[in-house]
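We did not get these values from a lab; they are worked out from the coordinates using the rules stated. Since the structure is predicted, the reported quantities are computational estimates derived from the model, not experimental observations. Here the Cβ is made from the backbone with ideal geometry for all residues, glycine too, and neighbour counts use every protein chain on show.
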Amino acid sequence: MTLAPGAARRFRQVDVFTSVAFKGNPLAVVLDADGLSDAQMQSMARWTNLSETTFVLTPHDAQADYRVRIFSPDTEFPFAGHPTLGTAHALLEAGLVPRRPGALVQECGVGLVPIELGSDGMLAFRAPPASLAPLAHQHQRLLARVLPGTVLDAHCTPLIANMGIAWLVVRLQTAQACVDARVDGAALRELTRLGVTGVALYGPHDADGPADYEVRALFTKHGSLVEDPVTGSANACIARVLQAQGFPDGGESSRGYSARQGTCLDCDGRIAVSWVDGEPWIGGHSVTVIDGVVRV
């Protein structure tokens with residue numbers, strides 16, 4: 001249904017990858033976006049000033065439960081992780097009945113993305129396929145400038161993982177090394193000119209740690225260094241890289257793993273990664289913080 005200009009459209013602001021409000025990654029969701037122009041969507045995303053704002057539309061594909069367009073304040077993304085889970089959460093709360101029990105199908109710029117509905121309220125999306133490419137040898141010195149003084153895990157080559165959003169995935173030796181890593185914003189701006197969104201760092205926790213891995217995702221915005229609280233696409237890229245490097249190995253790891261992100265920002269994002277038929281699924285909880293209408 002197309003609404004008239006200035007009509008009240010259902011709106012939610014959701015905190016994603018957390019069960020505790022204000023500890024995850026916020027997302028704005030316009031639930032009735034049919035009839036909005038590209039310019040209106042971009043303008044609203046700029047106004048919310050969140051990392052992403054999503055707009056729910058009537059699907060083109062008969063297999064999809066809904067279609068979504070994902071905007072940052074500056075551009076549109078074909079896919080992003082926390083907007084995928086947050087939009088699904090908002091729609092289910094608003095009364096969307098899935099075509100198939102226990103699952104949703106989202107239509108977006110990368111095609112159809114399946115989402116599983118957990119019994120405990122957790123949602124999980126199947127990580128889209130990713131092209132993986134090593135950072136070219138001539139750019140290794142640039143990476144050293146991006147992460148001054150940081151020792152990388154010598155057993156894992158940094159890889160550019162591209163699934164609509166491209167992250168340079170870099171493994172560090174420990175979770176603490178990930179938390180302690182310093183990132184040079186000027187060097188990272190140079191790195192993004194190679195076609196990557198930013199750098200996704202991860203390192204393993206000890207066996208008794210709060211999660212299996214610590215994750216950080218950093219990029220530049222308007223020339224300034226920005227750290228994302230919790231990043232679905234970065235975690236999906238990390239999962240694809242781990243898969244390419246032999247994970248899971250058929251042992252305990254075949255059950256999946258957990259990740260924590262946002263520590264340096266006083267956030268506590270929690271990501272659950274599981275494997276189904278050899279494919280990684282990225283899961284997390286969401287909570288609604290604002291429920292109302294917006295006039296566009």
Report relative contact order for the stretch 131-279 in percent, whole number only (criteria: Cα-Cα under 8 Å, sequence separation at least 6). 19 percent
What is the Cα centroid distance between the stretch 191-251 and the stretch 27-100, reported in whole angstrom? 24 Å
What percent of all Cα-Cα pairs in the stretch 131-279 falls into each 10 Å bin, going from 0 up to the bin containing the maximum distance? 11, 45, 35, 8, 0
Which of A211, A272, G109 sits closest to the plus end of the dipole of the chain, meaning its Cα is farthest towards the positive end, when Lys and Arg get +1 and Asp and Glu get -1 on the C-beta? G109
What angle do you read, to the nearest 10 degrees and between 0 and 90, between the alpha-carbon axis of helix 81-93 and the longest principal axis of the chain? 30 degrees
For the stretch 8-71, what is the Kirkwood hydrodynamic radius in Å, using each pair of distinct C-alpha atoms? 12.5 Å
With both partners inside the stretch 140-284, how many of the DSSP beta bridges are antiparallel, as a percent to the nearest 5? 75 percent
Dipole magnitude of the stretch 58-196 about its Cα centre, charges +1 at Lys/Arg Cβ and -1 at Asp/Glu Cβ only, in debye to the nearest 20? 340 debye
So the angle from the long Cα axis of helix 232-244 to the longest Cα principal axis of the chain, reported in degrees to the nearest 10, equals 50 degrees
Gaussian network model of the chain, Cα within-10 Å springs - most flexible of A272, A88, A181: A181
Inter-site label distance for N49 and K221 at 7 Å from Cα along Cβ, in nm: 1.0 nm
In deg cm²/dmol and to the nearest 500, what is the mean residue ellipticity at 222 nm of the chain if only DSSP H runs of at least 4 residues count, each as -39500 (n - 2.57), divided by the residue total? -5500 deg cm²/dmol
Could you give the dipole magnitude of the chain about its Cα centre, charging the beta-carbon of Lys and Arg +1 and that of Asp and Glu -1, in debye to the nearest 20? 640 debye
Can you compute the charge dipole magnitude of the stretch 131-279 about its Cα centre, using +1 on each Lys and Arg Cβ and -1 on each Asp and Glu Cβ, nothing else charged? Give it in debye, rounded to the nearest 20. 640 debye
Quick check on the chain: of the DSSP beta bridges with both residues there, what percent are antiparallel, nearest 5%? 85 percent
Could you work out which residue, out of V273, V16, V97, moves most in a Gaussian network model of the chain, that is, has the largest mean-square fluctuation with Cα springs under 10 Å? V97
Among G185, Q173, A244 - extreme Cα towards positive end, dipole of the stretch 131-279, charges at beta-carbon: G185
